[in-house]
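Heads up: the structure comes next, in structure tokens.
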Amino acid sequence: MDGGDKNIWLIANWKSNKTIAEALDWVSKVGPKVPKRDDLKVVVCPTFSCLSEVKKAVQVGNFPIMVGSQDLSPFEVGAYTGEEAASLLKGLVLISILGHSERRQNFSESDEMVAKKVEQALQNGIIPLVCVQGPDTPVPDGCKLVAYEPVFAIGTGNPDIPENANNVAKVLKEKHGPPAGGLEVLYGGSVTSENIKNFINMPNLCGSLIGNASLDAEEFIKIVGECSKL
Ligand code: 13P
């Protein structure tokens with residue numbers, strides 16, 4: 001593999017899709033096809049309404065899949081109607097996607113809000129996966145996993161050029177990489193089974209955050225298959 005030993009993160013972001021039945025069908029199809037490999041980190045991020053059922057199905061099947069959320073509250077538990085506090089989620093999820101551009105655009109989420117969410121995640125042992133839209137998006141302290149997701153590439157069928165994504169990842173690592181351990185940077189935006197290899201072969205990229213192509217079990221299995229060959 002180019003870039004030496006590295007993890008490959010394949011993170012399915014289902015966004016606001018799938019009933020519980022559809023989610024369980026996906027887990028039953030994808031779960032048995034994910035190879036058990038320490039460096040292959042497959043994560044599924046369902047809606048909040050599906051989280052506990054998906055988590056149970058993954059556990060019962062003993063599948064090497066982690067479960068994540070697509071967001072969490074910037075506040076502790078309390079009078080925050082509609083919010084999901086990190087301390088309530090931590091039994092269900094290992095990772096949380098934070099600062100996705102769809103939240104920034106549709107829910108006016110600010111960099112300050114993202115920073116508060118990261119703090120909540122870290123306090124509760126949840127790995128924050130912060131989405132950045134370019135090299136200048138702030139990355140809050142303590143964040144070691146970032147997804148570069150240029151807005152023009154999301155859901156458009158028009159992915160960024162892998163070399164460009166690699167360059168952005170390099171800048172992000174130079175700017176934000178903690179002295180020990182390093183920053184892991186993923187790419188997201190119109191990734192499919194056809195183009196995934198071009199991204200994960202880039203030395204500064206170690207996986208992908210996948211929207212549309214993650215919804216279809218067969219397509220996601222193909223993506224996992226492409227990465228398993230490396
Ligand atoms: P698409 O893969 O549908 O372009 O979405 C990317 C994304 O936003 C993942 O978080």
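Observations on the model:
- Subset tally (residues that are open to solvent by 30 Å² or more (accessible area, probe 1.4 Å) and within 14 Å of the ligand (Cβ to nearest atom)) for segment 179-202: 2
- Any hit, segment 161-168, residues being modelled with pLDDT of 95 or more, within 14 Å of the ligand (Cβ to nearest atom) and under 18 Å from Val43 (Cβ atoms): no
- Looking across segment 216-230 at every residue that is touching a strand residue (DSSP E or B) at 6+ places or on another chain (Cβ under 8 Å) and within 16 Å of the ligand (Cβ to nearest atom), the one that is nearest to Trp26 (Cα to Cα) is identified as Phe220.
- Among residues of segment 35-55 that are over 13 Å from Trp14 (Cα atoms), those with a Cβ under 7 angstrom from a residue that is in a helix (DSSP H, G or I) and open to solvent by 50 Å² or more (accessible area, probe 1.4 Å), sequence gap 6+ or separate chain, pair up as Glu53/Ile20; Glu53/Leu24.
- Selection from segment 146-160 of residues that are open to solvent by less than 20 Å² (accessible area, probe 1.4 Å) and either away from the ligand (no atom under 13 Å from the Cβ) or under 18 Å from Arg103 (Cα atoms) (or both): Val146, Ala147, Tyr148, Glu149, Pro150, Ala153
- Taking every residue in segment 182-201 that is modelled with pLDDT of 95 or more and pairing it with any residue that is away from the ligand (no atom under 11 Å from the Cβ) and β-branched (Val, Ile, Thr), at least 6 positions away or on another chain, the pairs with Cβ-Cβ distances below 6 Å are Val185/Val146; Ile200/Ile8.
- Listed by first and then second residue, the pairs with beta-carbon distance under 6 Å, at least 6 apart or on different chains, first residue in segment 144-167 and touching a residue at least 60 places away in the same chain (Cβ under 8 Å), second of a type in the set (Gly, Ala, Ser), are Ala147/Gly188; Glu149/Gly188; Glu149/Gly189.
- Here Leu205 clears all of (1) touching a helix residue (DSSP H, G or I) at 6+ places or on another chain (Cβ under 6 Å); (2) in contact (Cβ under 8 Å) with a residue 40 or more places away in the chain; (3) within 13 Å of the ligand (Cβ to nearest atom); (4) open to solvent by less than 50 Å² (accessible area, probe 1.4 Å) except the condition numbered (3).
- Filtered residues of segment 102-124 (kept if under 22 Å from Ala153 (Cα atoms), more than 16 Å from the ligand (Cβ to nearest atom) and part of a helix (DSSP H, G or I)): Asp111
The values are calculated or read from the model by the stated rules, or taken from the named source; none is laboratory data. Keep in mind that this is a model prediction, so the values were computed, not measured. Ideal geometry is used to build each Cβ from the backbone, glycine not excepted, and the neighbour counts take in all protein chains shown. Just the protein is used for accessible areas: all its heavy atoms, side chains included, with ligands, DNA and RNA removed. Shrake-Rupley method; radii C 1.70, N 1.55, O 1.52, S 1.80 Å.
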